[in-house]
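The values are calculated or read from the model by the stated rules, or taken from the named source; none is laboratory data. This structure is a prediction, so every number in the text was calculated from the model and none was measured. Glycine gets a Cβ as well: all are built from the backbone with ideal geometry, and neighbour counts include every protein chain shown. Calculation scope for accessible area: heavy atoms of the full protein, side chains included, ligands and nucleic acids excluded. Shrake-Rupley method; radii C 1.70, N 1.55, O 1.52, S 1.80 Å.
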Amino acid sequence: MNNPKIKIDVVILAAGLGTRMKSSKPKVLHELLGKPMVEYILDAVKDICTDPPVIVVGNQADLVKQTLGDKARFVLQEPQLGTADAVKSAREMLKGKSDVVLVANSDFPLIASNTYRELVEKHLASKSVMTISTVVEENPRGFGRIVRDAKGRICRIVEEKAASLDELKITELNSNPYCFQADWLWDALDKVEKSAVGEYYLTDLVEIAYQQDALVEAREITDKEEAIGINTRIHLAEALRILQNRINQFWMLEGVTMIDPQRVYIEKDVIIGRDTVLYPDVYLNGSTRIGEACEIGPSVILDDTEIGDFVKIKFAVLEKAILENHVDMGPFGHLRKGAHLAEHVHMGNFGEVKNSYLGKGTKMGHFSYLGDAQIGENVNIGAGTITCNFDGENKFKTEIADDVFIGSDTMLVAPLKIGKGAKTGAGAVVTHDVEPDSVVVGVPAKPMKKNNKARKEVE
Ligand code: UD1
Ligand code: CA
């Protein structure tokens, strides 16, 4: 924050059951574009607090802690007696440690970091004991209603369950986060009384402040999309769509074409070069990076994959792979961890590559598997070629030098080295190293006499 002398602690309420998700997983761990929703909040408040945020956990506390690790501090709320009780669970850890306490619900993943920041700024400027975040909406989504007195001062928040018919018509709604003067908060929490449903409501602090004639301020969240709280899977899908739109619009403005943006899913840390075209049903995940002028899709999943410029990929799944410039892949292929295709490699039609390097210009057109292989430049991998890299216990390496021609349906029984310019005949089962420029055929494969030419592969 602007004033380094002001110490701010953040408390994230995440102990609730999330009953309406109808899930065996805690609500805060439900994911949006590959990340649990609570992590969006952690990211958004990152620069506001000096110490890690405190997450109030209860429902499946261990799983939440395990998932988030050292990204946060944790306090346990057991049993869960409402939002005021939840904040109280953090009192012992935080009392006397900070000037301002920012409280956020864990089910609002779309609130932007500026919204948190501006709330704190408004709070500090106004000298209020409590600054709340409101949203004005016709659709109340079950939110608490802001009740104002004749002078327009906020006097209380009424929860939907307890609201009168007139109060239900109020369109000024209680969203979150909340900002508190820390000393005031820790004292006032003891004054909250049990509600009719047996819970202690954080929102009752508004009325407590009003009765003390202490100032309560409000900051309106004008971007209504931010104020979407997630209680059901319908809300989760709405949030996903909003997030997806934000990310896709960003990349379109950066020069990426999307044929149908609603069918492209890009995680937050992905990077894409300009003039790249994304076709429908593309998922770009994790640390994936794509260069310029590529054509990706339809139907491509890229996990933590690095792609150069002018690359084309259709109907494929790539995991932790590297593709250099001008690689052409698909239709249909699977690259697994450690697959590295150098410039101008072509791979398609039901191929799989794992932990292997394919040198510049190498072609692997049809129904092949390469695992634990080092392949040189301009190699032709005939249809149906398999590296038999696993003997049931250990994995072995296959090395193929430049300009080798592997005939259709060759079995390369590793460990194996094939010399530069060598050829294997169709259906060969190669069990021993092959000399450069030689030709091997048969089962098991044996060298052919020098003047006997191997049949040229027909593609
Ligand atoms: C709360 C507000 C409501 C507001 C709405 C959306 C209260 C009493 N009401 O209602 O005015 O419009 O959020 O901002 O606060 N939690 C705990 N421990 C508990 C209960 C809840 O940690 O004992 C956590 C939940 O995990 C959740 C957050 O607190 O992240 C809010 O609780 P929830 O039950 O979702 O409150 P709402 O009914 O949505
Ligand atoms: Ca809620």
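Is it true that some residue in the stretch 229-239 is over 14 Å from the mean Cα position of the chain (by Cα), of a type in the set (K, R) and surrounded by fewer than 19 Cβ atoms within 10 Å (Cβ to Cβ)?
Yes.
I'm checking my understanding of the structure. Among residues of the stretch 186-224 that are farther than 18 Å from V103 by Cβ and away from ligand 1 (no atom under 15 Å from the Cβ), which one is most open to solvent (accessible area, probe 1.4 Å)?
Filtering the stretch 186-224 for residues that are farther than 18 Å from V103 by Cβ and away from ligand 1 (no atom under 15 Å from the Cβ), the one most open to solvent (accessible area, probe 1.4 Å) comes out as Q211.
Check P140, P109 and return the single one that is crowded, with 20+ Cβ neighbours inside 10 Å, within 16 Å of ligand 1 (Cβ to nearest atom) and assigned to a loop (DSSP other than H, G, I, E, B). It would help to see each step written out before you state the result.
Numbers: P140 fails: crowded, with 20+ Cβ neighbours inside 10 Å.
Exactly one of P140, P109 is crowded, with 20+ Cβ neighbours inside 10 Å, within 16 Å of ligand 1 (Cβ to nearest atom) and assigned to a loop (DSSP other than H, G, I, E, B), namely P109.
Which pairs turn up if I take residues in the stretch 378-390 that are open to solvent by less than 30 Å² (accessible area, probe 1.4 Å) and look for partners that are acidic (D, E) with beta carbon separation below 6 Å, at least 6 apart in sequence or on another chain?
G382/E457; G384/D409; N389/D372
Just to verify a result, which residue in the stretch 5-23, among those that are assigned to a loop (DSSP other than H, G, I, E, B) and under 30 Å from V270 (Cβ atoms), is modelled with the lowest pLDDT? Steps first, answer last, please.
Here is the first cut: in the stretch 5-23, the residues assigned to a loop (DSSP other than H, G, I, E, B) are 5-7, 15-18, 22-23.
From the residues that got through so far, the ones that are under 30 Å from V270 (Cβ atoms) too are 18, 23.
Numbers: G18: 89, S23: 95.
My answer is G18.
Look at the stretch 29-60 and say how many of its residues are part of a loop (DSSP other than H, G, I, E, B), out of contact with any Ser or Thr (no Cβ under 8 Å at 6 or more places or on another chain) and either closer than 20 Å to T115 by Cβ or open to solvent by 20 Å² or more (accessible area, probe 1.4 Å) (or both). Show your work before the answer.
Kept after step one, since they are part of a loop (DSSP other than H, G, I, E, B), are these residues of the stretch 29-60: 30, 33-34, 46-53, 58-60.
In the following step, the residues that additionally are out of contact with any Ser or Thr (no Cβ under 8 Å at 6 or more places or on another chain) were identified as 33-34, 49-53, 58-60.
Those left that are additionally either closer than 20 Å to T115 by Cβ or open to solvent by 20 Å² or more (accessible area, probe 1.4 Å) (or both): 33-34, 49-53, 59-60.
Number of matching residues: 9.
Residues in the stretch 186-198: is at least one in a loop (DSSP other than H, G, I, E, B) and charged (D, E, K, R)?
Kept after step one, since they are in a loop (DSSP other than H, G, I, E, B), are these residues of the stretch 186-198: 192-193, 195-198.
Add one more test, that the residue is charged (D, E, K, R), and what stays is 193.
Within the stretch 186-198, one or more residues are in a loop (DSSP other than H, G, I, E, B) and charged (D, E, K, R).
Give P415, P447 a once-over and let me know the one that is open to solvent by 50 Å² or more (accessible area, probe 1.4 Å), modelled with pLDDT of 95 or more, of a type outside the set (K, R) and closer than 24 Å to F390 by Cβ. If you could, list the steps in order and put the result at the bottom.
Working: P447 fails: closer than 24 Å to F390 by Cβ.
Every option except P415 fails the conditions.
Regarding the stretch 7-23, can at least one residue be identified that is within 16 Å of ligand 1 (Cβ to nearest atom), out of contact with any strand residue (DSSP E or B) (no Cβ under 7 Å at 6 or more places or on another chain) and more than 24 Å from N174 (Cα to Cα)?
Among the residues of the stretch 7-23, at least one is within 16 Å of ligand 1 (Cβ to nearest atom), out of contact with any strand residue (DSSP E or B) (no Cβ under 7 Å at 6 or more places or on another chain) and more than 24 Å from N174 (Cα to Cα), which makes the answer yes.
In the stretch 119-137, which residues are away from ligand 2 (no atom under 16 Å from the Cβ), open to solvent by less than 40 Å² (accessible area, probe 1.4 Å) and not hydroxyl-bearing (S, T, Y)?
At the first step, the residues of the stretch 119-137 found to be away from ligand 2 (no atom under 16 Å from the Cβ) are 119-131, 136.
Going one step further and asking which of them are open to solvent by less than 40 Å² (accessible area, probe 1.4 Å), we end up with 119-120, 123, 126, 128-131.
Within the stretch 119-137, L119, V120, H123, V129, M130 meet the criteria.
What's the number of the condition K354 fails, among (1) out of contact with any Leu (no Cβ under 9 Å at 6 or more places or on another chain); (2) open to solvent by 10 Å² or more (accessible area, probe 1.4 Å)?
Checking K354 against (1) out of contact with any Leu (no Cβ under 9 Å at 6 or more places or on another chain); (2) open to solvent by 10 Å² or more (accessible area, probe 1.4 Å), the one that fails is (1).
When the stretch 237-260 is examined, which residues are found to be without any contact (Cβ under 8 Å) to a residue 12 or more places away in the chain and of a type in the set (A, V, I, L, M, F, W, C)?
Matches in the stretch 237-260: A237, F250, M252, L253.
Just give me the residues in the stretch 61-95 being open to solvent by less than 70 Å² (accessible area, probe 1.4 Å), outside any helix (DSSP H, G or I) and either out of contact with any helix residue (DSSP H, G or I) (no Cβ under 8 Å at 6 or more places or on another chain) or more than 8 Å from ligand 1 (Cβ to nearest atom) (or both), in sequence order.
First, pick out the residues of the stretch 61-95 that are open to solvent by less than 70 Å² (accessible area, probe 1.4 Å): 61, 63-64, 67-69, 72-75, 77, 80-87, 89-91, 93-94.
Those still in the list that are outside any helix (DSSP H, G or I) too: 72-75, 77, 80-82, 89-90.
Once the filter is applied, which keeps residues that are open to solvent by less than 70 Å² (accessible area, probe 1.4 Å), outside any helix (DSSP H, G or I) and either out of contact with any helix residue (DSSP H, G or I) (no Cβ under 8 Å at 6 or more places or on another chain) or more than 8 Å from ligand 1 (Cβ to nearest atom) (or both), the stretch 61-95 yields A72, R73, F74, V75, L81, S89, A90.
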